Ligand SMILES: Cc1cc2nc3c(=O)[nH]c(=O)nc-3n(C[C@H](O)[C@H](O)[C@H](O)COP(=O)(O)OP(=O)(O)OC[C@H]3O[C@@H](n4cnc5c(N)ncnc54)[C@H](O)[C@@H]3O)c2cc1C
């Protein structure tokens, strides 16, 4: 996946999931799991999510007069709250879709379960 | 596999699985049957209760969205169809709905007596029964406690399980095979009766008396293909279309060049039971993720306000998705995953012509669906009722989509009318979900019907429909028993019209 998409996506994910801000391993695991789900999307959906991530980064110049990646986390959060309330419903809904994929990618990882007090499945089976 | 069959059935879910099992009983009449399913053959040994692995059996991994992105529809693409992932909540169609279908759509065969006689048999076959109270996990007992405190009557759900190990997440496959899905019951019985079955077989289009499909590679860890990958064309005296609401209309739309169908009736009148899942957080651990997720429901607001409330619970990723917002507040809520109780709100939506399945330029299904204002009003009322129930059950706080406050506390109870409103509930921010799509190939005597009252596709000599597409309107309750009932009826018509 191209590097600017990865950079922007992680910058968004750090706001959605503050715990990955300070844990490099968790962040990398998240990215790998996100990529797993993302690569499984149909071309249309993945294309739209990539486009949206690019739009969020570009709009940052309009709203923040700064590159999205250069914003500190507090400003990024402030900005993403605006995006999630954006008057154009396609952008709001697209952002919700991206948020959902980020959430599912993160919380479906075994190494997040301790933190949310989930013991994991009773059966122990791996799908190779 | 032969080059011609008496009957080719497309789809092994609630409709197709039921049709395959019933029709296979008549092999003494010399009726040859081929069952096709585009899904892989995943048996109970494959399931592992991990959403990362198991969502692969959903169509588009469960991420199929309406064109306007306001509703996500879940349907399975695996042998057993959506019954492989359903919870098994078992309702007979309400008498009032059967009456409406008889009076308004000409389904005169669908008397209470007919429905009851066939469902007695079906329910026995798949072991429908009320679960003992000893099975209730705390989510279920707290739901009852909250409803009792508010004076709202609860009812116990019937479920179809046998030897359930109460592992928690029915919607990502049952590891013990306790759930009596078509994967466990009807498909094995039909195979035992000698039908042929090809999985990973995606039907591309139909002609009169001919089914065209492609066999795709098998997915890792699933049953290997028994026929070579590639394109096939098989002749059939009768074709039974049961690919589900998203795919049956799409298959027909891809077939329009070859068939002479009433185009305007195809794909129309789709209903969804639009749903929201909401969570409240208890002060103590309740481990809602173990035990059977659903034993109680409330139908007290069905007639007056257009919704049901059912107990529920989901795996971590979907729970995170269902909880609104993001950032620190959202993360804090997730850390209380083992204290969460959960309610599923199911609304009744009207069958409207503009809500439909169509296809994109590649022939893939597209759902055009607009949420009716009446459904939104039902949701707002149901969200407020759920909050009241959470606090009556002792929750410390609740996380509610459409609330102007991220977290609601008992002190907010007096202000719910201001906090949760028609305006604050945005489907762009909190999309609805649907696991109960219905309609799309309406069975009706009038011109709105794509299918006649014997189950035959209008304008076709050889194609019948036997899945949830047939519903003329929403059945109001969880639909699988009604799908099986209609599939059984259509199968009876197929026999009497073609093989007597
Ligand atoms: C998560 C979830 C939970 C549910 N819980 C309940 C519940 O508790 N109670 C209840 O009453 N209902 C429940 N339902 C709904 C119920 O499962 C469905 O209403 C029912 O299974 C629909 O039956 P069907 O035959 O129309 O479609 P399905 O059961 O979905 O079967 C369609 C089949 O067609 C196959 N197919 C699709 N396209 C093609 C193609 N091109 N070629 C060949 N095959 C194709 C699919 O792989 C699938 O096997 C639930 C559904 C879901 C998704």
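Derivation of every value follows stated rules applied to the coordinates shown; laboratory data play no part. This one's a predicted model, so the numbers in the text were calculated from it and none came from an experiment. Cβ sites come from the backbone with ideal geometry, for glycine too, and all protein chains shown count toward neighbours.
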Problem set entry | Of the criteria (1) within 16 Å of the ligand (Cβ to nearest atom); (2) under 30 Å from residue B:289 (Cβ atoms); (3) surrounded by 15 or more Cβ atoms within 10 Å (Cβ to Cβ), which one residue B:115 fails | (2)
Problem set entry | helices (runs of 4 or more DSSP H) completely within the stretch A:23-116 that count 1 or more residues being away from chain B (no Cβ under 12 Å) and touching a helix residue (DSSP H, G or I) at 6+ places or on another chain (Cβ under 8 Å) | A:24-39, A:43-64, A:73-84
For this session: Check whether at least one residue in the stretch B:45-62 is more than 14 Å from chain A (Cβ to nearest Cβ) and within 16 Å of the ligand (Cβ to nearest atom), and report yes or no.
Result: no
For this session: Return yes when residue B:408 is crowded, with 22+ Cβ neighbours inside 10 Å and free of Cβ contacts under 8 Å to residues at least 24 places away in the same chain and no when it is not.
Result: yes
For this session: Counting only residues that are over 30 Å from residue B:269 (Cα atoms), give me the helices (runs of 4 or more DSSP H) lying completely in the stretch B:93-185 with at least 2 of them.
Result: B:112-125, B:138-150
For this session: Report, by residue number, each residue of the stretch B:466-475 that is in contact with a helix residue (DSSP H, G or I) (Cβ under 6 Å, 6 or more places away or on another chain) and more than 8 Å from the ligand (Cβ to nearest atom).
Result: B:470, B:472, B:475
Exercise. List pairs: first in the stretch B:276-303 and on the phi > 0 side of the Ramachandran plot, second surrounded by 20 or more Cβ atoms within 10 Å (Cβ to Cβ) and in a loop (DSSP other than H, G, I, E, B), Cβ under 6 Å, 6+ apart or cross-chain?
Worked result: B:291/B:137
